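Single-structure report; data block below.
Each value in this text was obtained by applying a stated rule to the coordinates, not by laboratory testing. Given the structure is predicted, the values throughout are model-derived calculations rather than measurements. Cβ coordinates were reconstructed from backbone atoms using ideal geometry, including for glycine residues, and neighbour counts include every protein chain displayed.
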Amino acid sequence: MTATPPADTPLAHARILVVEDEAIIAADIEQTLRGLGYAVVGSCRSADEAVDRALAVRPDLVLMDIRLHGPGDAAAGSCRDGIDAARRIRERLDVPIVFLTALADEETLQRAQSSEPYGYVLKPFDDRDLQVATTMALCKHRAFALLDDRVRARTDELMRSEARSRQLAAVAELGLYALGRSHAEPLIARAVATIADLLAADRVEMLERVPGGRLVVRGAAGAADGATGQEVDAGPGSVPGHTVALGELVIVDDLAGDDRFTPAELARTRAGSAVGVPVLAPTGIAWGVVAVYWRDRHGARAGQASFVQAVANVVATALARLDGEAQRLAAERQAEEARVRAAHADDQIRLRDEFLSIASHELKTPLTSLLLQLQALVDRPGSHDDRTRARLARATRSGERLAGLVDTLLDVSRLTSGAVELRLEDLALDDLVGGVVERLRGDADRAGCVVHLEIDGAARGRWDRLRLEQVVTNLLVNAFKYGAGQPVTVAVATVGDRAEIRVTDLGIGIPADDVRRIFDRFERAVSSQHYGGLGLGLYVARHLVEAHGGMIVVDSAPSAGATFIVRIPLDLGAEEPSRPPNAQELH
Amino acid sequence: MELTRCDVMIVDDDDEIRESLVEVLEERGYHATSAANGAQALARLRQGARPALILLDLMMPVMDGASFRAAQASAPEIADIPVVVISAYQDLEDNARRLGATGSLRKPISFRELLDTVRRLCRGDGAPAPAPA
């Protein structure tokens, strides 16, 4: 029964080296092996020759006679016998060896075993013995090899996953560390230290791109330690510069042999291999780069690069957060400053109002007694001659005007601070206007103006009585001043959902260019030398009308008189804003 | 001059105003007394003074107008005396309302308004209107 190894297995054409000092036996063995389908890749007569030959042809199996004649014991360093040769071969080659032996003594057998043989063929042997021994040896070897591969693969995998979990843990730890930091420096220092530690790197740098495209070391570990703050060549000849230019991961297996990089980079880093990873902000803009160097060539691997990338991402995220926080803090600081400024401005306004309020109070106190005395004197019938009465009346008017100016100053102060508070009540505008006209009859007479009142309906609404009285007063005083000696018409009407007051004089009128500015502070269309007053009347009127949600316009032409038209909503409602929405921006 | 004179009490810390008001009213046939602050006015009233009308300033040292009104309200025998608030402050009407005053006169006080007010309130009190001088 002649069993040959299956043709489709590697065993079928196994290459066998035969070591047998007896030529006849050797020839016999060779013939048998060929008959079994093996290839005989050599046939040696001596142990030393066997070692050389085995190393030269790398056979799949060696059939080795234990007892070999020859110069075995002559020269130092030669093999004593087949066992010696087997050991030498096994030291250099993973090849199964099957011993051929006749009866052997105990010591020889022990020596043979120590060389880990894959089998024995006892002399004399037949074809079948030889076939069984060689097949078994080849199978065993292949099984061992497979097992070995698997164990090695498994071991590698374990080591890789162990390294990966250590890296993951390190990234997570770094992320936690980053959360607690309010400054970038310690985080960057820790990031580069982590990379150096876990990747056994010899040099790690984290560099920031600064304006001008320069690269500055922000954190360094290993050989780069102490390089923080230094500037690094940002050209494409350095690993960091190249990474920035490329905008993606760079793995350099052999820095010296890679002509993308300059000798300067080599001299600077003294590295054999490197990895460059961009540090990208969440916006995608490159903050900078991490460069990792190893002294050895082929030190960088893809798995390491992805770890460096993960660390870079943690740093980039933290930097973005710190940046956002810095911006938020800056915004908060600005808001706080604005608030303080506003509070200060409020204080200033409040102080000014208080001052003006007290000042006007103080001014009015002496005015009160002065006017009372004057008015009482004027009013005392028959006690003065006409000239005295006229002088008293003039003095009274001066006092009254002074009182009016004090009121106006206080009003303007309140208007400029936007603090017009309306006290709304149900009013009939015709009564209100009529009352003012009546009160100003003396002024009208003195100005030589006849006032015509034209009432078209009651015009009822909710307004601030004193404020509207002041508006009408200011317009009438204005009309008496500029339209002296001519009739003045005051008309009250309801137009849609608005009440309208028109005050028309036939005076000097207002040039078109001046129409806009007459409602501003201290403005008038004519020289103040001819017409007295502070020039505040229309300014105050405009603001009080606007505080009512209304508007005041003028229709005029030079020498054609002027008509001031006030329109205010009938239904202002108590919840309406009581200050002019644009009181501040008007100044 | 009228037979039964109408009493007006003036409470103001400013001497000039106080004296002017007294003078003007006396000239018009009223009987005017004065006090420099709320405490003085209160003392006069406790001593039995019963004016038909009190003209009350708001800002005064020692006892201001508001405190005087509170004290007045808690004393039934004088609580009903009408009070007219006199002040230069802008929120005069509000203050007058808050203090339950019968009326208010803004400083500088118009002579006409003063006479109208006093005449009206003295009449309301049952006192005969003073004849014009």
Review point. Normalised by the number of residues in chain A, what is the relative contact order in percent for Cα pairs under 8 Å and 6+ residues apart?
Key: 7
Exercise for review: Can you figure out the FRET efficiency of A:Leu329 with A:Asp254, using R₀ = 45 Å and their beta-carbon distance, to the nearest 0.05?
Suggested key: 0.40
Review point. Could you give the angle, 0 to 90 degrees to the nearest 10, between helix A:82-92's Cα long axis and the longest principal axis of the Cα atoms of chain A?
Key: 10
Practice item. Let me know the longest stretch in chain A that avoids all GluC sites (Glu not before Pro) found in a DSSP loop with at most 16 other C-beta atoms within 10 Å. Key: A:23-247
Check your understanding: By how many degrees, between 0 and 90 and to the nearest 10, does the Cα long axis of helix A:23-35 differ from the longest principal axis of chain A?
Key -> 50
Practice item. With unit charges on the beta carbon (Lys/Arg positive, Asp/Glu negative), name the residue among A:Tyr118, A:Leu138, A:Tyr177 whose Cα is farthest towards the positive pole of the charge dipole of the range A:84-189. Key: A:Tyr177
Review point. In which sequence would A:Ser369, B:Ser67 go, from the one with the fewest C-beta neighbours within 10 Å to the one with the most?
Key: B:Ser67, A:Ser369
Check your understanding: Which value in nm describes the separation of the simple spin-label points at A:Ala286 and A:Asp513, placed 7 Å from the Cα toward the beta carbon?
Key -> 6.3
Check your understanding: What's the lysine pair count for the protein assembly as shown at a Cα cut-off below 30 Å, pairs eight or more apart or interchain?
Key -> 4
Practice item. Between the alpha-carbon centers of the range A:284-313 and the range A:467-489, tell me the distance in whole angstrom. Key: 85
Exercise for review: Give, in nm to one decimal, the length gained when the segment between A:Ala39 and A:Arg58 is fully stretched (0.36 nm per residue of separation minus the Cα-Cα distance).
Suggested key: 5.6 nm
Check your understanding: Which of the trypsin sites (Lys or Arg not before Pro) across the range A:467-517 are loop residues per DSSP, with 13 or fewer other Cβ within 10 Å?
Key -> A:Arg516
**Study point:** Dipole magnitude of chain A about its Cα centre (Cβ charges: Lys, Arg +1; Asp, Glu -1), debye to nearest 20
**Key:** 2160
Exercise for review: Per residue of A:372-380, count partner chain C-beta atoms within 10 Å of its C-beta, then hand back the mean as an integer.
Suggested key: 6
Review point. Quick one: A:Ile16, A:Ile83, fewest Cβ neighbours within 10 Å first, how do they rank?
Key: A:Ile16, A:Ile83
**Study point:** Electrostatic dipole magnitude of the range A:435-521 [Cβ: Lys, Arg +1; Asp, Glu -1; Cα centre; debye, to 20]
**Key:** 260
**Study point:** the protein assembly as shown - mean residue ellipticity at 222 nm from DSSP helices (-39,500 (n - 2.57) per run, n ≥ 4, rounded to 500)
**Key:** -16000 deg cm²/dmol
Practice item. With +1 on each Lys and Arg Cβ and -1 on each Asp and Glu Cβ, and nothing else charged, work out how big the dipole of the range B:1-42 is about its Cα centre, in Debye to the nearest 20. Key: 260
Study note, to complete from the structure: Residue-ordered couplings for the range A:190-204, obtained by feeding phi - 60° into the Karplus form 6.51 cos²θ - 1.76 cosθ + 1.60 and rounding to whole Hz (Gly and Pro as x), are 5, 4, 5, 5, 5, 5, 4, 5, 6, 9, 6, 7, 8, 7, 10
Practice item. Working from Cα positions, state the angle (0 to 90°, nearest 10) between the long axis of helix A:127-179 and the longest principal axis of chain A. Key: 20
Study note, to complete from the structure: Projected onto the charge dipole of the range A:318-382 (unit charges on the beta-carbon of Lys, Arg, Asp and Glu, signs +1, +1, -1, -1), the Cα from A:His361, A:Gly324, A:Ala342 with the largest positive-side position is that of A:His361
Point to revise | the range A:315-363: C-alpha gyration tensor shape, a/c 1.5 cut-off, then a/b vs b/c | key: prolate
Check your understanding: Ranking B:Ile17, A:Ile508 by Cβ neighbours within 10 Å, fewest first, what do you get?
Key -> A:Ile508, B:Ile17
Check your understanding: When the chain is fully extended, how far beyond the present Cα-Cα distance does A:Ala245 get from A:Asp426, taking 0.36 nm per residue of separation?
Key -> 57.4 nm
Check your understanding: In chain A, what is the volume of the convex hull around the alpha carbon atoms, normalised per residue and reported in Å³?
Key -> 315
Review point. What number comes out for the charge environment of A:Val566, summing +1 per Lys or Arg and -1 per Asp or Glu over other residues with Cβ under 13 Å away?
Key: +1
Practice item. Report, in whole Å, the centroid distance computed from the Cα atoms of the range A:156-185 and the range B:1-77. Key: 88
